Amino acid sequence: MSRPGSDLITITARPDIVFVEGQGSWLIDESGKRYLDLVQGWAVNSLGHSPALLAQALASQASRLVNPSPAFHNRPMLDLARRLVELSCFDRVFLASSGAEANEGAVKLARRWGRRERGGAHGIISFEQGFHGRTLAMMSASGKPGWDSIYAPMPQGFAKARLDDIGSVERAITPDSVAVMIEFVQGEAGVNVADPGFVRELRALCTERQLLLIADEVQTGIGRCGHAFAYERYDVEPDLMTLAKGLGGGAPLSALLCKERFNCFEPGDQGGTFCGNPLMAAAGLAVVNEVCTPAFLAGVRQRGEQLARGLEAIARAHHLPGERGAGLLRALALPVPRADEVVEAARSLAPVGLLLNAPRPHLLRFMPALNVSAAELDEGLDLLRQALRQVLC
């Protein structure tokens, strides 16, 4: 028998595990082994694996209307757009399928506005270590080391600044600059949380220099940081925002939101075969209505504090540098570049495995379901201690 994945194009080093079932915070592989999942598809499964609410929304909508074409309105698309507007500081919504697609849309909208209002200004300032997706343009926008050469020649027009360094942003501004694109929490870089003072300075600078502030909330939006959107933690309002991952709760769904005065696409400028299809919109609406309530978000903050305390206790016990994060998006720093070994050791624990993520050699990242229980977090922390003892002791 061939190894799992032998018929797939190689894009990542997957372990020889085939998952067949998932419920809540748990996954089960073909052998019947259970894994406590603190990755959840990279912060995608807001309500865990196969939540009944999501399954019911998909089944109900699938029996009525799946895809009438993006050339027409459909009720779930309209209802989800209305709900996102009600929850946020924005006025308009474009629904798509992936974070990269939403971010590309944000750049296109900013450049369309720059052509109309700023004499053709088009340059986007983004940040070192940032991550905005895997299309060619979004790889150029990202600040991930080495990504500017993998598929050269790359799209141009993306300058880089440094997070929490307002001077670096000022130096990157030219007459051609039209927008600044930021993750308030750089997830792929290792959960780097932007300083509140820097974010307020950035908002003021963008207003002063007539630059759009684009918030990439692909990973942080829809409750991940304990608020409906991470920008709420900073008491600022972006001009554009992108959502994905947790928006669909496991279904492929993303969104670009903008304020009315930046709603400047002309018919035909933007679109896509699956943009706003009712099946995905129905899933997103069910997730948003469940997550974005005061009681649910208070629970996220409570579990986030529990996870932070647990990780800090582990850091003290194992003499690790510490933990950081916001809500249920957190990282644990290691003193040596052996995070991949910890991930493998955790996954191999028996009889129950633990799924973790290592975005950097020195870092472990935690993105549990937003409705993870206190008992499940405690069990995850115990399993993490076992894996760390195997690798570091």
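FYI, it's all coordinate maths here, none of it is from the lab. These numbers were taken from a predicted model, which means no experiment stands behind them. Here the Cβ positions follow ideal geometry from the backbone for every residue, glycine too, while neighbour counts run over all protein chains shown.
Axis angle, to the nearest 10 degrees, between helix 99-117 and the longest C-alpha principal axis of the chain: 20 degrees. With R₀ fixed at 30 Å, the C-beta to C-beta distance from Q302 to D16 puts the FRET efficiency at about 0.20. The order of the peptides 122-129, 335-342 by mean Cβ neighbours within 10 Å, most packed first, is 122-129, 335-342.
Loop-located chymotrypsin sites (Phe, Trp or Tyr not before Pro) in segment 239-332 (DSSP state other than H, G, I, E, B) with a sparse environment of at most 14 neighbouring Cβ atoms within 10 Å are absent.
Please label the shape of segment 107-263 as rounded, prolate or oblate, based on the square roots a ≥ b ≥ c of the eigenvalues of the alpha-carbon gyration tensor (a/c under 1.5 means rounded; beyond that, a/b larger than b/c means prolate, else oblate). Since a/c stays below 1.5, the shape of segment 107-263 is classed as rounded.
At 222 nm, what helix-only mean residue ellipticity would the chain give, in deg cm²/dmol to the nearest 500, using -39500 (n - 2.57) for each DSSP H run of four or more? Walk me through the numbers on the way to the answer.
Working: 11 runs with 140 residues, N = 393.
Here the helix-only value at 222 nm equals -11000 deg cm²/dmol.
Using 0.36 nm per residue, how much length does the chain from R82 to I28 gain when fully extended, once their Cα-Cα distance is taken away?
Working: separation 54, 0.36 × 54 = 19.44 nm, distance 3.71 nm.
Value of the extension gain: 15.7 nm.
Taking the chain as the region of interest, the number of lysine pairs whose Cα atoms are within less than 24 Å, with members eight or more places apart or on different chains, is 7. Helix 339-348 and the longest principal axis of the C-alpha atoms of the chain enclose an angle of approximately 50°.
Determine the gain in length on full extension of the stretch C393-Q56; use 0.36 nm per residue of separation and subtract their C-alpha separation, reporting nm with one decimal. Spell out each step's value before the answer.
Numbers: separation 337, 0.36 × 337 = 121.32 nm, distance 4.67 nm.
Stretched out fully, the C393 to Q56 stretch lengthens by 116.6 nm.
Counting only alpha carbon atoms, the long axis of helix 196-208 and the longest principal axis of the chain meet at about 20°.
In order along segment 72-89, the phi-based Karplus estimate (6.51 cos²θ - 1.76 cosθ + 1.60, θ = phi - 60°) of 3J(HN,Hα) comes to 10, 6, 9, 5, x, 4, 5, 5, 5, 4, 4, 5, 5, 5, 4, 7, 10, 8 Hz; Gly and Pro are listed as x.
The DSSP beta bridges internal to the chain are antiparallel in roughly 60% of cases.
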